[in-house]
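Here the structure comes first, spelled out in C-alpha cells, and everything after it is commentary.
No lab work stands behind these numbers, since they all come straight from the coordinates. This structure is a prediction, so every number in the text was calculated from the model and none was measured. In this analysis, Cβ positions are derived from the backbone assuming ideal geometry, glycine residues included, and neighbour counts consider all displayed protein chains.
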Amino acid sequence: MSFESLNLHEALVAAVRDAGYTDATEVQAQAIPPALDGRDLMVSARTGSGKTASFVLPALTRVLASRNDPTKRRDKGVVYGPRVLVLVPTRELAIQVSKAAMEYGRHVRGLRVATVVGGVPYGLQLRQLSGPLDILIATPGRLMDHMQSGKAVLQNIEMLVLDEADRMLDMGFIDDINFIASATPAARQTVMYSATFGGTVGRLAHSLLRDPLRVDVASHTDTHADIEQRLHWADDLQHKNALLDHLLTDRNVDQALVFTSTQRDADWLADRLADMGHKVASLHGGMPQGRRNRVLHGLRSRDLRVLVATDVAARGIDVPSISHVINYGLPMKAEDYVHRIGRTGRAGRSGLAVTLAERRDAGMIHNIQRFTTQRIPAAVVEGLEPKRPEPQSQTKPMGQKPFGKKTFGKRPFGGGDRPFGKPAFGGGARKPFGPRPAGR
C-alpha cells in the first residue's frame, strides 16, 4: 500500500518520499487509517517494523488539522502546552521518536517538538516547555518532575501515545503513567504499543483506552527470517571469552552489539576488548546523557566497531550497519531477547544473533525458546568445542517448565529515569568515550 493511498496530508507524503519510502509497512497500513479516524489503538509490532512512523504520521496529521481549525487556534504569548504527548521508556527511544517526528514533519511549517528525558540539564527543557509546542516526547520520570513544578501543561493533549508500554511497566512506571494520563483530557485519543497485552499491560490498556481497535501484525513468535540465530554453550567464563574473541575477529562483522546483564559487566568487557585493540565503547543507564549521545554518534559514524551495552540499548537504537548481536550475558526476561536480536537484520539486511550461554543459563534459554516457540540452533566453533555435554533442558519438548530454580534480581532502570516516589540508582564506573586504543 502506498503512502498516497493512506489519506495523509501532502506535506507528510512529501516528507516520507524525501526519506526514501514509497510503500507503507504492514503495521503502518493497518494502524494509520484508524488512527487518522481518531480510534484508540492497541498495537503489537516487532522492532524494525516501522511502528514509529505508524503513530508519528497520525500525530503530525492531528497537529496540521488543529492548526486549520479556527476553534483551536492559539493566541501568541499564551502557553497552551502540546497537542500530542508520546511516552517512552528510555532516553534513546525518545531521541529516536523525536528524530522521526522532525524528519516526517520537515515540511510542516513551524513544527515544534520537545524531548523531555532524565539525565540532562533542566534548562533547555524548561525553555521548550515554556514556549509554543506541538509534540512532546518524554520519559515518565522527568515529565513527572516538570508536572510537579507546574512547567508541563497537559490540559490540551489531543493524542496520547504509549510506546513500548510493556517496557515502561517493567521499569515500574505504572503509577507515573496513570498520573500523567489523569492530567490529560478524558476525550483524548490514546494509542498504545506493546509487545504483549497480557496481565498488567492489558489492565492498563483497559483503564486508559476507549473501545480500542487491536492491531497485531507481528509477535514474539515470528521467525525473524532476516536474522540467523545461534547458540554456543560455554564451559566457563574463560571459554565464553574465547568464543567472543573468535566471533569479533570474523571479517563478516560490520558492527557488533554485545549485550551484558549488568552495567558493571558492560564497562569491564568494553575495557577488555579495548585492550585487545577493538574500537569499542560501553553504553548503559548509569552514564550521563552527554556521553551516551557521543557513544551513539560514534556507532552511527562508524568510529566504533563494537558497542557493549545493557538492555537500555535493546530498544531505541536503529543502526542498520549492526551485522551481529551477541548475547554475552542473558537478559532478565525472555521478551528482552526478542528486542535484543531485533537490533540486527534491519532495513532489509540480514543479521546474525549469537547467544553465549553457560550451564547456569539453561533455564533462561528454555524460557526464551518457550516464549518465541522456536529452537535456537546450537553450534560449535572448531577448536573451541565445549568439553561438557549440552544441558538436558535443551532436549526437552516445548511447553514443559524450565529446569532448575528460577533466579530473581532487580533490573536497573536503564532509561536514566526513576519511577515516581522511588530512588534512582545506577552502576558501573563512568569512563571516557572511545574509541579506546590498545594497551589502555
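For Asp23 and Arg360, calculate 0.36 nm times their separation in residues minus their Cα-Cα distance, and state this gained length in nm to one decimal. Please report the intermediate quantities before stating the final value.
Working: separation 337, 0.36 × 337 = 121.32 nm, distance 4.57 nm.
Contour length minus the Cα-Cα distance gives 116.7 nm.
Of the listed peptides 284-297, 85-98, what is their order by residue-averaged count of other C-beta atoms within 10 Å, with the highest listed first?
Numbers: 284-297: 20.1, 85-98: 25.1.
Listed from highest to lowest mean packing, they are 85-98, 284-297.
Tell me the label-point distance for the pair Arg67, Gln155, using the 7 Å Cα-to-Cβ offset, in nm and rounded to one decimal.
Each label point lies 7 Å from its Cα, and together they span 2.5 nm.
Which residues does the label zone of Glu385 cover in region 337-379, counting backbone N under 20 Å from a point 7 Å along Cα→Cβ?
Once the point is set 7 Å along Cα→Cβ of Glu385, 356-359, 377-379 turn out to lie under 20 Å by backbone N, inside region 337-379.
If R₀ is 35 angstrom, what is the calculated FRET efficiency for the pair Arg251 and Thr200, using the beta carbon separation as r and rounding to 0.05?
Working from the Cβ atoms, E equals 0.15.
For region 3-216, rounded, prolate or oblate, judged on the Cα gyration tensor with a ≥ b ≥ c (square roots of eigenvalues), a/c < 1.5 rounded, else prolate if a/b > b/c?
rounded
Once you order the gyration tensor axes a ≥ b ≥ c over the Cα atoms, which shape class does region 257-309 get: rounded for a/c under 1.5, otherwise prolate or oblate by comparing a/b with b/c?
Numbers: a/c = 1.84, a/b = 1.03, b/c = 1.79.
It comes out oblate by the Cα gyration axes.
How big is region 137-295 along each principal axis, measuring the range of its Cα positions in Å and listing the largest first?
57, 39, 27
For region 284-327, report the % of Cα-Cα distances exceeding 13 Å.
55
Based on the Cβ-Cβ distance of Leu126 and Ala378, what FRET efficiency does E = 1/(1 + (r/R0)^6) give at R0 = 51 Å, to the nearest 0.05?
Efficiency for this residue pair is about 0.45.
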